[in-house]
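The values are calculated or read from the model by the stated rules, or taken from the named source; none is laboratory data. Just so you know, these numbers come straight off a predicted model, no measurement behind them. Every residue, glycine among them, receives a Cβ derived from its backbone with ideal geometry; neighbour counts consider all protein chains shown.
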Amino acid sequence: MDENALPPADDAAALPPPLGLPALHASHGGCWLREGRSADSMATRPIGKGEAIITAADTPLLLLNAPLVASRLGYPDLSGLDLLELFAFVHPARFVVPTPKGLAHALGLAEPADDGAVPAFYQQAAALLLAQCAAPDWAEREGAWTSLQGLIRLRWPWATLLQGAIAKPLRAERWLFTRLPEWDETPERPQPAQITLPDAAVHDRLAEITGVTAEPRPAQRAYAQATAQIFAPRATGAHPADRSPHMLLAEAGTGTGKTLGYLAPASLWSEHAQGTVWVSTYTKALQRQLRREAARVWGPAPATGRQAVVVRKGRENYLCLLNLEDALQGGFGGRAAVLAQLVARWAAYTQDGDMIGGDLPGWLGTLFRQRAITSLTDRRGECVYAGCPHYRKCFIERAARASAEADLVIANHALVMVNAARGKDAAQRPTRIIFDEGHHVFEAADSTFAAELTGSEGVELRRWVIGPEKAARGRRRGLSARLADVSSYDEDGAAAITAALEAAEALPGEGWLARVVEGNPSGPLEELLAAARTSVFARDESGGQDAGYALETEAAGLDGPFLEAAANAQAALAALRQPLMRLGARLEAIITDPPDWLDGQGRARIEGARASLTWRVDLIAAWEALLARLGGPADPAFVDWLAVDRVDAREYDIGIHRHWLDPMQPFAATVLGGAHGVMMTSATLRDGHGRDGPDDWDAAIARSGAAHLTRAPLLAAFDSPFDYAAQAEVLIVTDVAKGDIPGLANAYARLIEASGGGALGLFTAIRRLRAVHGRIADRLAREGLPLFAQHVDPIDTGTLVDIFRDDPRASLLGTDALRDGVDVPGHSLRLVVMEQVPWPKPSILHRARRAAYPAGGQAHDDRIIRARLAQAFGRLIRGREDHGHFVVLSAAFPSRLLSAFPAAAPVHRLSLDEALQRVRAGVSGRAITPADVQNVPEDPDVLR
């Protein structure tokens, strides 16, 4: 049972009687309706989709996950009494897998035996949730009655039933904005002590956190010892360039225990040096895992006082209390207003206010509108800082201040890079950094240090300067509103704001894309985007064959009209940047010589506005530099191109892009240059087929930024402890033709049936994923094998993985996010199927890097493919008891790519029928032997 599950009921007699409302369950296997004239006459029967739609339209039904049911029925307007909404109200910030089985575990009820038993279970679960609201020991009672009154006014379907369960409190409830604790200002933390960690102390700390009964792991001890080297005092030299950080590249095979391996020396150093260690990840899944593992090292987070472990993300991940207040006061309407009430319930119980990957249920946004969730965060940088009435309760400010005092900060690659590039505050600039999932640092740097002048970016900047164009019921957030007191006090500041507002009119406005497509652009920036679109379509040689890809063309050989449009846009941007710079200078003057009215909160607000101004001025300057280069000679350090972004043949953005050919150059200058110790670790840092074979570190060094330092990095590699020869097989299926969608779908269905579910299907194209899912989902459901899919099911990726992990008979189809971010140990994942070799996406940027690769273009592509294959294979075996098969449906799989897999793992080229026999033989969890397979020649088909 889940650790967050409610106490189970003692027996059936202790349960309340089932709720006497009709209930509907729909899956790919069919639909079941439970109804009757009274509670005693209720009966469940299978029905068709048509009857289910008619019944749902006429009668409020109990159901679970209405958007998913609507998708199953093909009826998007479906609504009803969704048990997930009720759960979110009764138990905010509590985890539940949004399936009948998951809900049963969370409530301590027996799982429904089959699909036909689910509607009756819904009635029992609803009754139990309502009864918990009336129970005297309901932990989340506070604020419920007040929130319910708002939901009654919104006519929320559950409100009437909850009215009878929730009594009006005798005393007025503390509402959200008085309940939340305030953060306190703290003195700046002194510089950490310069210490060296003895090997014995590191080993003792590792033994302490793993437990004396833990299985000894020599590789983990050696790994921890190697990690300790990055915490040594940085060497000094006569020249600042000599003061490179201690840098370690550590490849640790799956199962090494690298998380606790690096947390042991990190915790030891933070304890004795009184400093902060930053651990950076690429995926939110690893952040959640790190939070759990850190609790083993530092203990649970205290209710009050200093937090030893803090999770930091970008501002756009956290609930903005001012946005929530606006939503509760009428800024949201309809279903979004109901969501705001449920989020307010969550905000009172959340651990840290993280809405994206935190303890807000991932499925909550999809029950309503994901855009409504993002509207409650600060995605546009419109924070008013100390001018906000909730500033002292702000989740973002609390996390930022807590991280300055923390022993461990868990962040993501992008935030670490942004803090290093923009951070003038030493407390927020990481100096000891561990990059877990280090194989993704290159692409994170590629995104962070790029310049992209696009229509959507221009609209965001315009909104930040001017405010929303359409009348809104919430507050205005333009510069003049945020800095009204500065305007009234400082004449020069007021003039700068006025000039900036006028200059921002040149930026793209609402509806810009429609105007550009129709040939009626407004203003110099929209005219530039129209010229870019014309150039892209004129030069396109693809014929629009793949609408899933952006259309691109090099930013070279551009004609006179385009360059004239670029010059006009550049002048417009300069006209905006100049008053923003003057405004920044006026704000600095006010801080330096403060007026009498400037209190502490006002000072903090102006300092926040200065920081926001600074990075937007830098952004505009980068755009100007990008445009200035369009007509000049090519700079070999950069790759420039024009693009029209599309999805499903629908255009959604147009832009001019510039990326570093080697983004590790700015990464080394901004992140590594200011650090004292850096570690990059992953199971796949090296390329197993490099110049010197498995020991070739050239690619890892190049993609880590270490090549740009004056001191060579430390190198360490630790093999996985797993017995891959006995635990896994790689099967290369040779008789599924490329491009044959029916054949591909048949292969997936038969493989999933052979394994009894537990399959992760990985695709390189969303179109093929959807086609395969549509052909096999119903077929598998009839066999009792649920199938879920990214880009098909209206469920966020994290929740899809939770569902997959929770049901050993379920299978999941997805794309890149599942190849890299899935940790499903045990029997729930025993088969990984790749539809084809994961070739790199053809693009102008890829072509440029391919041409610059020292070993040649094919070697560049092969390195990328081997890394993707290795990451995908890493999903399969996560523990010593795991067994499974890795299948690639590729008739012409190149032998040179086989080094992506562990050397001990057997690799076979065979037919689909032969692969099915091996998969069936392996589902018992025992090692595969030749006797398990019939008619499979071992030579020459056995490649290793």
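Name every residue in segment 864-896 that is basic (Lys, Arg) and crowded, with 20+ Cβ neighbours inside 10 Å, in order of residue number.
If the condition is that a residue be basic (Lys, Arg) and crowded, with 20+ Cβ neighbours inside 10 Å, then Arg866, Arg868, Arg875 are the ones that fit.
Among the candidates Val90, Val69, the residue that is at pLDDT below 95, crowded, with 22+ Cβ neighbours inside 10 Å and within 29 Å of the chain's Cα centre (by Cα) is uniquely Val69.
So that you can scan it fast, the table gives a plain yes or no per residue for (1) exposed (fewer than 13 other Cβ atoms within 10 Å of the Cβ); (2) more than 31 Å from the chain's Cα centre (by Cα); (3) closer than 29 Å to Asp653 by Cβ:
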site: Arg533; (1), (2), (3): no, no, yes
site: Ser542; (1), (2), (3): yes, yes, yes
site: Phe562; (1), (2), (3): no, yes, yes
site: Leu580; (1), (2), (3): no, yes, yes
site: Leu587; (1), (2), (3): no, yes, no
site: Pro595; (1), (2), (3): yes, yes, no
site: Arg603; (1), (2), (3): no, yes, no
site: Leu619; (1), (2), (3): no, no, yes
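For segment 688-701, state whether one or more residues are at positive phi and assigned to a strand (DSSP E or B). Within segment 688-701 (the criterion being at positive phi and assigned to a strand (DSSP E or B)), the answer is yes, since at least one residue qualifies. Taking segment 834-944 as the region of interest, none of the helices (runs of 4 or more DSSP H) fully inside it holds 3 or more residues being out of contact with any strand residue (DSSP E or B) (no Cβ under 7 Å at 6 or more places or on another chain), modelled with pLDDT of 95 or more and not assigned by TED's automatic domain parsing to the domain that holds Gly814. When Gln570 is tested against the conditions (1) closer than 30 Å to Ser487 by Cα; (2) buried (at least 19 other Cβ atoms within 10 Å of the Cβ); (3) in contact with a strand residue (DSSP E or B) (Cβ under 8 Å, 6 or more places away or on another chain); (4) not charged (D, E, K, R), the lone failure is (3).
Of the strands (runs of 3 or more DSSP E) entirely within segment 9-115, those holding at least 3 residues that are aliphatic (A, V, I, L, M) and at negative phi occupy 23-27. Look at segment 286-301: where a residue is modelled with pLDDT of 90 or more and buried (at least 18 other Cβ atoms within 10 Å of the Cβ) and a partner is outside any helix (DSSP H, G or I) and of a type outside the set (Val, Ile, Thr), sitting 6+ places away or on another chain with Cβ atoms under 6 Å, you get Ala294/Leu408; Trp298/Ala308. Listed by position, the helices (runs of 4 or more DSSP H) inside segment 352-420 whose residues that are surrounded by fewer than 21 Cβ atoms within 10 Å (Cβ to Cβ) number at least 3 are 370-375, 395-405. Filter segment 729-765 down to residues that are among the hydrophobic types (A, V, I, L, M, F, W, C) and touching a strand residue (DSSP E or B) at 6+ places or on another chain (Cβ under 6 Å), then give me how many there are. Of the residues in that region, 11 qualify. Taking the conditions (1) buried (at least 23 other Cβ atoms within 10 Å of the Cβ); (2) not in a loop (DSSP other than H, G, I, E, B); (3) not hydroxyl-bearing (Ser, Thr, Tyr) in turn, Leu829 satisfies each one other than (2).
Every condition in (1) of a type in the set (A, V, I, L, M, F, W, C); (2) at pLDDT 95 or above; (3) closer than 30 Å to Ser270 by Cα is met by Leu130 except one, and the failing one is (3).
Answer yes or no: is there a residue in segment 117-124 that is over 17 Å from Leu342 (Cα atoms), in the same structural domain as Arg34 (by TED's automatic domain parsing) and hydroxyl-bearing (Ser, Thr, Tyr).
Taking segment 117-124 as the starting set, the residues that turn out to be over 17 Å from Leu342 (Cα atoms) are 117-124.
Of the ones still in play, those that are also in the same structural domain as Arg34 (by TED's automatic domain parsing) are 117-124.
Still in the running and hydroxyl-bearing (Ser, Thr, Tyr): 122.
Yes.
The set of residues in segment 345-366 that are within 27 Å of Ile803 (Cβ to Cβ), of a type in the set (A, V, I, L, M, F, W, C) and at pLDDT 90 or above comprises Trp346, Ala347, Met355, Leu360, Trp363, Leu364. Scanning segment 125-141 for residues that are charged (D, E, K, R) and surrounded by 16 or more Cβ atoms within 10 Å (Cβ to Cβ) yields Glu140, Arg141. If I filter segment 793-815 for residues that are farther than 17 Å from Phe886 by Cα, at pLDDT 95 or above and assigned to a strand (DSSP E or B), do I get at least one hit? For segment 793-815, residues farther than 17 Å from Phe886 by Cα, at pLDDT 95 or above and assigned to a strand (DSSP E or B): absent.
Identify, please: which residue in segment 750-769 is assigned to a helix (DSSP H, G or I) and under 12 Å from Glu835 (Cβ atoms) and is, among those, nearest to the chain's Cα centre (by Cα)? Even if it seems obvious, please write down each step before you answer.
Of the residues in segment 750-769, the ones assigned to a helix (DSSP H, G or I) are 750-755, 766-769.
Retained after the next criterion (residues that are under 12 Å from Glu835 (Cβ atoms)): 751, 766-769.
On the way: Leu751: 29, Ile766: 18, Arg767: 22, Arg768: 23, Leu769: 20 Å.
That would be Ile766.
Restricting the search to segment 703-724, which residues are surrounded by 17 or more Cβ atoms within 10 Å (Cβ to Cβ) and either free of Cβ contacts under 8 Å to residues at least 60 places away in the same chain or touching a strand residue (DSSP E or B) at 6+ places or on another chain (Cβ under 7 Å) (or both)? Break it down into steps so the answer makes sense when it comes.
At the first step, the residues of segment 703-724 found to be surrounded by 17 or more Cβ atoms within 10 Å (Cβ to Cβ) are 703-706, 708-709, 713, 715-718, 720, 722, 724.
Within segment 703-724, Ser704, Ala706, His708, Leu709, Pro713, Leu715, Ala716, Ala717, Phe718 qualify.
Kindly establish whether Ala855 is surrounded by fewer than 23 Cβ atoms within 10 Å (Cβ to Cβ) and either basic (Lys, Arg) or under 21 Å from Asp687 (Cβ atoms) (or both). For Ala855, the condition - surrounded by fewer than 23 Cβ atoms within 10 Å (Cβ to Cβ) and either basic (Lys, Arg) or under 21 Å from Asp687 (Cβ atoms) (or both) - is met. Scanning segment 163-183 finds one or more residues that are over 28 Å from Asp352 (Cα atoms) and not in a loop (DSSP other than H, G, I, E, B).
Among the residues examined, Asp546 does not qualify as touching a strand residue (DSSP E or B) at 6+ places or on another chain (Cβ under 6 Å) and either hydroxyl-bearing (Ser, Thr, Tyr) or at pLDDT below 95 (or both). The single condition among (1) of a type in the set (A, V, I, L, M); (2) farther than 19 Å from Pro508 by Cα; (3) surrounded by 15 or more Cβ atoms within 10 Å (Cβ to Cβ) that Ala628 does not meet is (3).
Is segment 77-84 home to any residue that is in the same structural domain as Arg155 (by TED's automatic domain parsing), surrounded by 19 or more Cβ atoms within 10 Å (Cβ to Cβ) and of a type in the set (S, T, N, Q)? There is no residue in segment 77-84 that is in the same structural domain as Arg155 (by TED's automatic domain parsing), surrounded by 19 or more Cβ atoms within 10 Å (Cβ to Cβ) and of a type in the set (S, T, N, Q). Residue pairs whose Cβ atoms lie under 6 Å apart, sitting 6 or more positions apart in sequence or on different chains, and linking a residue in segment 85-114 that is in the same structural domain as Trp158 (by TED's automatic domain parsing) and without any contact (Cβ under 8 Å) to a residue 60 or more places away in the chain to a partner that is in a helix (DSSP H, G or I) and of a type in the set (A, V, I, L, M), are Val90/Leu129; Leu103/Ala125; Glu111/Ala104; Pro112/Val118.
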